[in-house]
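The values are calculated or read from the model by the stated rules, or taken from the named source; none is laboratory data. Everything quoted here is computed from the prediction, not taken from an experiment. Counting neighbours? That spans all protein chains shown, and the Cβs are built from the backbone with ideal geometry, glycine included. Each accessible area value is taken on the protein alone, full model and side chains, heavy atoms only, with ligands, DNA and RNA left out. Shrake-Rupley method; radii C 1.70, N 1.55, O 1.52, S 1.80 Å.
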Amino acid sequence: MSSSKPTQLTPFGYALAGALGGCFSNAVVYPLDVVKTRIQAAAEGEDREKLSVKSLLLRILKEEGIAGYFKGFTATMINTFSMQYAYFFFYSFVRTSYIKRLAARLPAGSKAPPLSTAAELILGAIAGALAQIFTIPVAVIATRQQVGGSLERQRRSRAASLAEKGGPSYAAVADPAKDVSTDVEKAAEQGKGKGEPDDSFFGVAREIVEEEGVTGLWLGIKPGLVLTVNPAITYGAYERVKGILLLAQERAKGPVKGALKLSPWTSFLVGALSKTLATVVTYPYIMAKVRIQARSADSEEAVEEHQPVPPKHAYHHAHSKHVGALDILARVYRHKGILGWYQGMSAQITKAVLSQALLFMSKDQFEHWALAIMVLWWKMRHAKA
């Protein structure tokens, strides 16, 4: 018996709409995403004025052109889409399995009770963790592409600045036995005759494997798993504030027929506030994760330990271990204090709020398009039958 023509979205249809909406909202604010990533990955000695959103946008335009605003765009869109779908797949699987286990303990014919908010949040965190494991390699590649050669330029700039002042160069700090007199010249000559680095998706993936091994594609997985609490904080804060506002409405208006609801823009503002709160709470780990994935953590650790800076296209950890999130946070705290943990947070919040606003405004349209795609798929299947 053939299935009927779809007239409303299935759960997978909603996942498709969410994935398409997520790609659209991230695409519109993508230049801000690139700037945000570069601020988070910036070396500790970088001038704060040079790390403002405006100055970085102008610097990227001057040094890399319009294309610099869209480095890692394809990988980020793939990651956004796959993360949405992977999350939905694992959430459906975990939730169904949990409900079946609950139902098995009940008398025959009894219906499983609705899940509590706490249970939903825990299942969501588990689904988010599983989705992270399967999609983080694309996120690592996207981060490396977004940062591009900006970190190398920062290192050369610091070397030149220190040498001009008569102090040790960056490379000399990393390797005290090195001749400092020619460091700036070497930095200027570096890369000549070698051609442009391969910043393609597979080129960056190959470089990561050369420098970190295959497991390098999962760099940042530990802080990534910790960050699965971010949606739980967002959802919990949203429901709490929503409850307070609805209670205030009920007291102001008195008893009304039907359930009270927040207006669309009030819902958006509450959502933005909740997302901001979740970002503030988890931001240090967000920043640490980016530094791990962007390879700036290894270079800074080398300087801290007076060791040679890890070379390109060669394994970085023959005699050392990967720098962890807690190691990064401890080092940043020693040099910059608590405020150092929040480098780039304003750009992160601005990007997140703008992205959420776009997603909110385009939600209905993408649900309409997702239904159209489902109908088209149904027609194609039945045309072959």
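Annotations for the structure displayed:
- Some residue of segment 324-343 being at pLDDT 85 or above, part of a helix (DSSP H, G or I) and of a type in the set (S, T, N, Q): no
- Members of segment 82-115 found to be part of a loop (DSSP other than H, G, I, E, B) and loosely packed, with under 15 Cβ neighbours inside 10 Å, listed by number: ARG105, LEU106, PRO107, ALA108, GLY109, SER110, LYS111, ALA112, PRO113, PRO114
- Residues within segment 337-348 that are among the hydrophobic types (A, V, I, L, M, F, W, C) and surrounded by 17 or more Cβ atoms within 10 Å (Cβ to Cβ), tallied: 3
- Exactly one residue out of PRO6, PRO31 is open to solvent by less than 50 Å² (accessible area, probe 1.4 Å) and in a helix (DSSP H, G or I), and it is PRO31.
- Qualifying positions in segment 26-52 - modelled with pLDDT under 90 and farther than 22 Å from GLY337 by Cα: none
This table checks each residue for (1) farther than 25 Å from LEU219 by Cα; (2) in contact (Cβ under 8 Å) with a residue 40 or more places away in the chain; (3) surrounded by fewer than 17 Cβ atoms within 10 Å (Cβ to Cβ); (4) of a type outside the set (Val, Ile, Thr).
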residue	(1), (2), (3), (4)
HIS322	no, yes, no, yes
HIS335	no, yes, yes, yes
THR350	yes, yes, yes, no
SER355	yes, yes, no, yes
LEU359	yes, yes, no, yes
SER362	yes, yes, no, yes
GLU367	yes, yes, no, yes
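- Residue match in segment 232-242 (condition: over 30 Å from the mean Cα position of the chain (by Cα), open to solvent by 30 Å² or more (accessible area, probe 1.4 Å) and in contact (Cβ under 8 Å) with a residue 12 or more places away in the chain): no
- Test: LEU245 is at pLDDT 85 or above and open to solvent by 50 Å² or more (accessible area, probe 1.4 Å): yes
- So GLY213, is it farther than 19 Å from VAL290 by Cβ, open to solvent by less than 30 Å² (accessible area, probe 1.4 Å) and at pLDDT below 80: no
- Filter result (in a helix (DSSP H, G or I) and free of Cβ contacts under 8 Å to residues at least 12 places away in the same chain) within segment 64-81: ILE66, ALA67
- Residue in segment 226-246 that is farther than 27 Å from ALA125 by Cα and assigned to a loop (DSSP other than H, G, I, E, B) present: no
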